[in-house]
Amino acid sequence: YGDAGTYDITVTVSDGELSSSEEVLLIVEKKEEAPVIDSFSPSEEEVNINEGDSVNFKISAYDLNKDTLSYSWELDGKKVSDIDNYNFFTDYNSEGTYTLGFYASDSRFVTKKEWKINVKNFDRAPIFMPITNILIKETQKVTINLEATDPDDDAVAYSAENMPEGASLNGNVFSWLPGYEAVKREGIVNEFLDKYHLLMNSYAITFIAKGREKEAKQRVRITVLDVNRNPVLGDIENIE
């Protein structure tokens, strides 16, 4: 292969003293062959990746006739490259199945190699809007509107851990009205703090925002200040 052309050959015969020659024209006709793919990667014909990943496809091809080859990569029928490699990139909206084809041409014949690419959904955790710590007094109602967005546009469900007694979470709205029992005197230290009206209690609540699979957590501390109340005088019966 590759030796197509015309060749002048001289044939000589001799008896040792005299010789005779004749010219022969040798014509080698070109035998067309399709380009040959001798190596490629990935080696598997079906490639599985996650959203956000990328794959580099490479091919080595040659022509037996030593013709110049031209390359073409097509993704779902659309040309995307004309060199011997192609980088397939994905983002977080690329879930689906794709067909990637490679074509090597010598202008007469075309050799094809094809891959099937399966891009799987990669679930990302929701993003919580920050919530600052809260300081309230007993019998002062607190309401927190939880806000979280899912980068994959999945529906977000809310829940909470370590909610204090009497607190509720409806949808994305947390509410709590701490009573006078939210802050209790326990121990000598609290007795001292209560004397100077500095008694308080903190509640650490963990809020959870969950998308399709993954979840995000945010911890919020609610500090309740003790409210000093007037003493309650019991009933006294009239005396005679």
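The values are calculated or read from the model by the stated rules, or taken from the named source; none is laboratory data. Quantities reported herein were computed from a predicted structural model and do not represent experimental measurements. Here Cβ is always computed from backbone atoms with ideal geometry, including for glycine, and neighbour counts include all displayed protein chains. For accessibility, only protein heavy atoms count, side chains too; no ligands or nucleic acids. Shrake-Rupley method; radii C 1.70, N 1.55, O 1.52, S 1.80 Å.
Report whether or not Glu22 is more than 30 Å from Lys116 (Cβ to Cβ), more than 27 Å from the chain's Cα centre (by Cα), of a type in the set (Asp, Glu) and assigned to a loop (DSSP other than H, G, I, E, B). When the stated conditions are applied, Glu22 does not pass them. Got at least one residue in the stretch 16-38 being under 30 Å from Tyr92 (Cα atoms) and not polar (S, T, N, Q)? Checked against the condition, which is being under 30 Å from Tyr92 (Cα atoms) and not polar (S, T, N, Q), the stretch 16-38 yields no hits at all. Residue by residue through the stretch 102-112, note down the ones that are surrounded by fewer than 16 Cβ atoms within 10 Å (Cβ to Cβ), within 21 Å of Phe57 (Cβ to Cβ) and touching a residue at least 12 places away in the same chain (Cβ under 8 Å). Residue satisfying the conditions is Val110 alone.
Condition first: acidic (Asp, Glu) and either within 43 Å of the chain's Cα centre (by Cα) or surrounded by 11 or more Cβ atoms within 10 Å (Cβ to Cβ) (or both). Can you find one or more residues in the stretch 52-66 that meet it?
The answer is yes, given that some residue of the stretch 52-66 is acidic (Asp, Glu) and either within 43 Å of the chain's Cα centre (by Cα) or surrounded by 11 or more Cβ atoms within 10 Å (Cβ to Cβ) (or both).
The set of residues in the stretch 67-83 being closer than 17 Å to Lys112 by Cβ and open to solvent by 50 Å² or more (accessible area, probe 1.4 Å) consists of Ser70, Tyr71, Glu74, Asp76, Gly77, Lys78, Lys79, Val80, Asp82, Ile83.
Residue count for the stretch 25-51, restricted to those that are over 60 Å from the mean Cα position of the chain (by Cα) and either over 30 Å from Ser105 (Cα atoms) or surrounded by 14 or more Cβ atoms within 10 Å (Cβ to Cβ) (or both): 1. Looking across the stretch 113-130, the residues that are over 16 Å from the mean Cα position of the chain (by Cα), surrounded by fewer than 17 Cβ atoms within 10 Å (Cβ to Cβ) and either under 29 Å from Arg229 (Cβ atoms) or touching a residue at least 24 places away in the same chain (Cβ under 8 Å) (or both) come down to Lys113, Glu114, Lys116, Pro130.
Of Gly96, Gly101, all but one fail to be of a type outside the set (A, V, I, L, M, F, W, C), within 26 Å of the chain's Cα centre (by Cα), closer than 30 Å to Ala148 by Cα and at pLDDT 95 or above; the exception is Gly96. Of note, Val110 satisfies the criterion of being of a type outside the set (Gly, Ala, Ser) and either over 30 Å from Arg212 (Cβ atoms) or touching a helix residue (DSSP H, G or I) at 6+ places or on another chain (Cβ under 9 Å) (or both).
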